[in-house]
1. Looking only at segment 53-68, filter to residues that are touching a residue at least 40 places away in the same chain (Cβ under 8 Å) and assigned to a loop (DSSP other than H, G, I, E, B); which one of those is surrounded by the most Cβ atoms within 10 Å (Cβ to Cβ)?
2. Could you tell me which residue of segment 182-220 is modelled with the highest pLDDT, considering only residues that are of a type in the set (S, T, N, Q) and more than 18 Å from SER347 (Cα to Cα)?
3. Kindly establish whether GLU231 is part of a helix (DSSP H, G or I), of a type in the set (Asp, Glu), modelled with pLDDT under 90 and more than 22 Å from LEU405 (Cα to Cα).
4. Just one of GLY10, GLY84, GLY18 is open to solvent by less than 50 Å² (accessible area, probe 1.4 Å), within 30 Å of GLY114 (Cα to Cα), at pLDDT below 90 and assigned to a helix (DSSP H, G or I); which is it?
5. Take THR236 and tell me if it is buried (at least 23 other Cβ atoms within 10 Å of the Cβ), hydroxyl-bearing (Ser, Thr, Tyr) and under 35 Å from the mean Cα position of the chain (by Cα).
6. From the list ALA148, ALA171, exactly one residue is surrounded by 15 or more Cβ atoms within 10 Å (Cβ to Cβ) and either in a helix (DSSP H, G or I) or modelled with pLDDT under 80 (or both). Which is it?
7. Which of the residues that make up segment 259-285 are under 32 Å from the mean Cα position of the chain (by Cα) and assigned to a loop (DSSP other than H, G, I, E, B)?
8. Can you tell me which of (1) in contact (Cβ under 8 Å) with a residue 60 or more places away in the chain; (2) part of a helix (DSSP H, G or I) is the one GLU89 doesn't meet?
Amino acid sequence: MMCETGDVAGGAEGEHVGGVSASFSALLEDSAEDLYEHAPCGYLSTLMDGTIAKINTTLLGWLGYRREELVGRRRFADLLTVGGRLYHETHFAPLLSMHGEVGGIALELKGADGTRLPVLVTSVVKFGSDGQAQLIRTTVFDASDRRAYEQELLRARQEAERERDRVQRLATTLQRTLLPPVLPVVPGLDVAAYYHPASADEVGGDFYDLFPLTGGTWGFFLGDVSGKGAEAAAVTSLARYTLRAAAVYDPDPVTVLGNLNTVLNHEYHGTDPRYCTVIHGLLVPDAGGATVILAGGGHPPALLIRHDGAAELLDTPGGQLVGALPDARFAAVERHLGPGDTLLLYSDGLTEARTRARVRYSEEQLRDFAATLAPATATTVVAAITDLLAGFADGVDDDTALLALSIPRTGDEEP
């Protein structure tokens, strides 16, 4: 039994070895000529002037020519398209002459019926024992699939760019609906605003407004909604119009923020809570300038720049995030603006920006910078801070909004 088992195993092993040997034998018997003629790529040899001396069956089949139509009658450049011939004469042939080889060049061959075949070409000069160039050997690979892939990739990229442009236009249009297109003209006041979006693809959460109330008073606010995109835009729209409506009903800034807090907390108290930071103010003109009452809800403090260069951050102690808590508390501060004084509201995109030293730009740095601008108007303050932001370059990674109000100095020419 052991003998029989061994005979069977030995026979199977012999067949396996014999099969491998037969395969190798078949490969050894494969002629070099047949391999050349029917290789999976095109081969041709030309004289140094480009005249075709030899071409394989594969390349002839791709181009649709008979051998006698090309050998000794045509040059390699004759098989190229007009653009290909120009490139061959100005780049391909000079490089081949200097280096003796050129590899992986993308060209197009022109078939007998006029069709174009995208190919990758590699050429090598064969030198004789005396160092003289004898002929040029060229290998041609069919690049049709690669060209099709590249074209599909280009088409997909163009489609993606069109979609990106569409999204950017939509975001820009939506953002414009959340900000006043122009600020109103306020008698005896210079006003200016600026908005810098951190992304062209998403709607930001910063918002501001300036609007008239009864008795010659004006309401204004600047805020920042948590998050970005369509959801943030919905909260921004709700916050902006709630603030305006609440100010008309009762202009007291603390009351206005309390009403906004009630609305946001009621609308967004579920699994996707939304909140915002806001600084809301009331401006009451008088003979010497204007009185400003400010209430803050978790927002960076407003900056008061006096005409003599003194600068003050107006903290509103106890001001909490708007919409986060049902019973949030808010506080107010009051200041008087005289001729040459400027009040600046801003979002944290400014005070959280990174300088070129990669450190955060603080509120104290902003205060010190603003003091150097005095005496200044709202327009010049906003312009200076806009230039400051531009100097941060890529350091501004959040939306930034600015709103400035100033009392022109007596005798100064208003912008």
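1. Applying the first criterion (touching a residue at least 40 places away in the same chain (Cβ under 8 Å)) to segment 53-68 yields 53, 59, 62-65.
Filter once more, so that each one left must be assigned to a loop (DSSP other than H, G, I, E, B): 64-65.
Numbers: GLY64: 13, TYR65: 18.
Taking the candidates together, the pick is TYR65.
2. Within segment 182-220, the first condition is being of a type in the set (S, T, N, Q), and the residues that meet it are 199, 214, 217.
Subsequent filtering for residues that are more than 18 Å from SER347 (Cα to Cα) retains 214, 217.
On the way: THR214: 91, THR217: 95.
Top of the filtered list is THR217.
3. Working: part of a helix (DSSP H, G or I): yes; of a type in the set (Asp, Glu): yes; modelled with pLDDT under 90: yes; more than 22 Å from LEU405 (Cα to Cα): yes.
Taking the combined requirement at face value, the residue satisfies it.
4. Numbers: GLY10 fails: within 30 Å of GLY114 (Cα to Cα); GLY18 fails: within 30 Å of GLY114 (Cα to Cα).
Of the residues listed, the single one that is open to solvent by less than 50 Å² (accessible area, probe 1.4 Å), within 30 Å of GLY114 (Cα to Cα), at pLDDT below 90 and assigned to a helix (DSSP H, G or I) is GLY84.
5. Values: buried (at least 23 other Cβ atoms within 10 Å of the Cβ): yes; hydroxyl-bearing (Ser, Thr, Tyr): yes; under 35 Å from the mean Cα position of the chain (by Cα): yes.
So THR236 fits the description; yes.
6. Values: ALA148 fails: surrounded by 15 or more Cβ atoms within 10 Å (Cβ to Cβ).
The conditions single out ALA171.
7. Within segment 259-285, TYR268, THR271, ASP272, PRO273, ARG274, TYR275 qualify.
8. (1)
The values are calculated or read from the model by the stated rules, or taken from the named source; none is laboratory data. What you are looking at is a predicted structure, and each value in this text was computed from that prediction instead of being measured. Every residue, glycine as well, gets a Cβ built from its backbone with ideal geometry; the counts of neighbours run over all protein chains shown. The protein model used for the area step is the full one, side chains on, heavy atoms only, and it has no ligands, DNA or RNA in it. Shrake-Rupley method; radii C 1.70, N 1.55, O 1.52, S 1.80 Å.
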